[in-house]
Each structure stands twice: as structure tokens, then as C-alpha cells.
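Since the structure comes first, as C-alpha cells, the remarks are kept for the end.
The values are calculated or read from the model by the stated rules, or taken from the named source; none is laboratory data. Remember, it's a predicted structure, so these values are computed and weren't measured experimentally. Because the Cβ atoms are built from the backbone with ideal geometry, glycine has one as well, and the counts that use them run over all protein chains shown. All accessible areas refer to the heavy atoms of the entire protein, side chains included, with ligands and DNA or RNA removed. Shrake-Rupley method; radii C 1.70, N 1.55, O 1.52, S 1.80 Å.
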Amino acid sequence: MDGINLDIIFIRELRAEAWIGIYEWEKLKPQTLDFNLEIGVDTHRAGLSDNIGDTVHYGEVVERIRADLKDQHFKLLEALAEHIATVVLHDFKAHWIRISVAKIAHIRGVKLVGVTIERQREALVIPVVASAANDGSGPARADA
């Protein structure tokens, strides 16, 4: 990230309902999840302009997360976290994100259980598996 000063916009202790789980009893109703996001952006321009258009609008991020969770079902917290990371990096033009997603009191005697992931916009490249059509020496052909 040469030449980019990354500041952090954070969203902490966001609670949202989500259809999540692999067990039948988890599919009966949505579960309340706890989210913590750290979004890496250069806020210098917004600091000078005082214009919300020059930064990541955290209110819109929260609205988008809630809307996506209402309409989709995820089996794993990992998949849900990847989805949110991709949305924030691409739709909100963030450079970097760290997101923690946790189920609340899901296991007796455990307050939170979850996952934390970090992603960068450039790192969201789908790996190509070497095969007979692609020996790893170059990009895979779409028609292979």
C-alpha cells in the first residue's frame, strides 16, 4: 500500500439478526450475531473537505450488512465474514478490513464464539489450481 495512509473507521458491537448455521435447529429462526469491523481507508480528504462522500459512510455499511443478512442464509461464520469483507472492499472502496463475527451464548458457558478475518482489496484474487489445462505457468484459459 505504498503512498496510502490508512486510517481506521470502526464499527463495534453491532448486533444483527442472521440466518446462520448447519444444524436443523439453527435453521428454525435467525440468530443474533455480534460484529466488530475495522475498515482501512484514507480519511485525509474527508478530514479536509468535511464531506461524507470522501470517506466510507459507516451508516450505509451497517444498513447494507443488515439488508444482506435478512435475505441470505449462511452455513458458516467464515462464509458470512467473507461476504461482508467482499462487500466493504468492493462496494465501499475500502482498502482493508478486519471483521469479527460471533454467535452469542451459542455454547453453554461461552459468551461469544466466532471468527476474525482480515482482507485487502488486492488480495481478493481467486486462486487458480494447476491442472492439465493450466500447469501453473500462466493464467488458466476460460475455455480449457
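In this structure the amide hydrogen of residue 112, modeled in the peptide plane, comes within under 5 Å of the amide hydrogens of 105, none closer than 5 places in sequence on its chain. In sequence order, the range 17-28 has phi-based couplings of 7, 9, 8, 9, x, 10, 8, 4, 5, 6, 8, 6 Hz under the Karplus curve 6.51 cos²θ - 1.76 cosθ + 1.60, θ = phi - 60°, and Gly or Pro positions carry x. Highest mean packing comes first when the peptides 84-90, 112-118 are listed by Cβ atoms within 10 Å, giving 84-90, 112-118. For the set 27, 103, the ranking by accessible area, highest first and with no ligand, DNA or RNA atoms included, is 27, 103 under a 1.4 Å probe. Scalar couplings 3J(HN,Hα) for the range 100-110, obtained by applying the Karplus form with A = 6.51, B = -1.76, C = 1.60 to θ = phi - 60°, are 10, 10, 9, 7, 9, 6, 6, 10, 3, x, 10 Hz; x denotes Gly and Pro.
Looking at the range 24-116, the accessible area is 59 square angstrom per residue; that uses a 1.4 Å probe and ignores ligands, DNA and RNA.
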